[in-house]
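What follows is a single structure, written as structure tokens, with notes after it.
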């Protein structure tokens with residue numbers, strides 16, 4: 001059976017916690033047994049995936065607290081049609097405290 005492909009994209013403005021969120025998602029998924037590959041092509045502030053992991057481990061707890069206290073997260077599902085472009089049906093979930 002062919003593995004299904006799912007891509008999770010973390011988007012936002014510079015300095016708004018994209019890298020911190022990406023790191024936390026990667027950790028959570030791996031800890032729960034998911035097969036996760038980090039695409040390092042757009043890690044603009046890092047020279048490699050190893051550099052990303054090394055820098056994300058520094059001050060991790062402080063970054064998490066700041067992210068939790070100062071960031072509104074919107075979860076959005078976009079379904080792509082098989083063999084064609086994206087459908088416009090979207091499901092959006094806003095998470096606020």
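The values are calculated or read from the model by the stated rules, or taken from the named source; none is laboratory data. Predicted model only: the values in this text are computed from it and were never measured. Note: ideal-geometry Cβ built from the backbone for every residue, glycine included; neighbour counts use all protein chains shown.
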If you check 25, 6, 64, which single one turns out to be under 19 Å from residue 77 (Cα atoms) and at pLDDT 90 or above? 25
Criterion first (at pLDDT 90 or above and more than 22 Å from residue 64 (Cβ to Cβ)) does residue 31 satisfy it? no
Within the range 29-44, can one find any residue that is more than 11 Å from the chain's Cα centre (by Cα), farther than 13 Å from residue 9 by Cα and not in a loop (DSSP other than H, G, I, E, B)? yes
